[in-house]
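As structure tokens, the structure follows; a few thoughts come after it.
The values are calculated or read from the model by the stated rules, or taken from the named source; none is laboratory data. The shown structure was predicted, so the numbers you read here are calculated from the model rather than taken from an experiment. Using ideal geometry, Cβ is built from the backbone for each residue, glycine included, and neighbour counts are taken over all protein chains shown. The area values use the complete protein model at the heavy-atom level, side chains included, leaving out ligands, DNA and RNA. Shrake-Rupley method; radii C 1.70, N 1.55, O 1.52, S 1.80 Å.
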Amino acid sequence: MTHTITLVADHLGVTAPKVLGHEYYVDMIVNITDYDEGVTTTGNFLSASNQFLRTSGTALPTDLVVGQELAITNAVDSGNNVTVTFVSLDGETLTLSAVAADETGDEITLSQTQELIPLSTIPLSKVTQVQILGQETETLNFHVELGTDGNTVIADHIVLKALTGSSGALATGDVGTVRLRVFGQL
């Protein structure tokens, strides 16, 4: 995923967090220029260990975050064409939440399905809520993904998912800007 963040200044030109009750908030614009950032690579699926071992082609992305969703497409075995969760990357070995079948020399496309915004890029020490205030592309629906405990589905990140409004399909490419109001503590 590729995005840039711009903190929005208030009428005084201040981008620092502002107090609201017992919390502070920051307004920001996230410009997502490559939502599904994918790579096509070749390797072997190992179902017993839920792994994909890259043997040639484009290098595996090294910026993946544990718990992040990845969509696998174009696999020879249709059971491997699914959305899985990233577990770890050790050299050329990608460990996933599930691999359905063993395959050798399989050229696949591996795409990210969420936009991850590290909380370290926001001038708050703890985030308690995120509001979507608006978006550039009116045909998309943006969502903040939460886990069953009410926190973001991946620790220390705001997790955005963009879906096409008419079909519910995952958005692709440059999805434009989305404006967020992030609440939390300093």
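Overview of values
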{"item": "Residue check, THR6 open to solvent by 50 Å² or more (accessible area, probe 1.4 Å) and part of a strand (DSSP E or B)", "result": "yes"}
{"item": "Residue satisfying condition, being under 19 Å from VAL130 (Cβ atoms), within 22 Å of the chain's Cα centre (by Cα) and buried (at least 17 other Cβ atoms within 10 Å of the Cβ), within set GLY67, GLY38", "result": "GLY67"}
{"item": "The one condition in (1) under 30 Å from ASP27 (Cβ atoms); (2) under 16 Å from the mean Cα position of the chain (by Cα); (3) surrounded by fewer than 13 Cβ atoms within 10 Å (Cβ to Cβ) that SER88 fails to fulfil", "result": "(1)"}
{"item": "Selection status of SER120, part of a helix (DSSP H, G or I), at pLDDT below 95 and out of contact with any helix residue (DSSP H, G or I) (no Cβ under 9 Å at 6 or more places or on another chain)", "result": "yes"}
{"item": "The lone exception for ASP156 - which of (1) within 17 Å of GLN51 (Cβ to Cβ); (2) open to solvent by 40 Å² or more (accessible area, probe 1.4 Å) it fails", "result": "(1)"}
{"item": "Residue satisfying condition, being more than 21 Å from LEU119 (Cβ to Cβ), in a strand (DSSP E or B) and among the polar types (S, T, N, Q), within set THR55, THR85", "result": "THR55"}
{"item": "Contacts under 8 angstrom Cβ, first residue in segment 1-26 being without any contact (Cβ under 8 Å) to a residue 12 or more places away in the chain and of a type in the set (D, E, K, R), partner open to solvent by less than 80 Å² (accessible area, probe 1.4 Å) and assigned to a loop (DSSP other than H, G, I, E, B), 6 or more apart", "result": "LYS18/ASP10"}
{"item": "Any chance THR148 is among the polar types (S, T, N, Q), surrounded by 14 or more Cβ atoms within 10 Å (Cβ to Cβ) and not in a strand (DSSP E or B)", "result": "no"}
{"item": "Candidates ALA48, ALA59 - the one that is closer than 15 Å to THR109 by Cα and either surrounded by fewer than 16 Cβ atoms within 10 Å (Cβ to Cβ) or among the polar types (S, T, N, Q) (or both)", "result": "ALA59"}
{"item": "LEU186 being of a type in the set (A, V, I, L, M, F, W, C) and either farther than 24 Å from VAL19 by Cα or open to solvent by less than 40 Å² (accessible area, probe 1.4 Å) (or both)", "result": "no"}
{"item": "Options SER166, SER97, SER111: the member that is of a type in the set (Gly, Ala, Ser) and surrounded by fewer than 14 Cβ atoms within 10 Å (Cβ to Cβ)", "result": "SER166"}
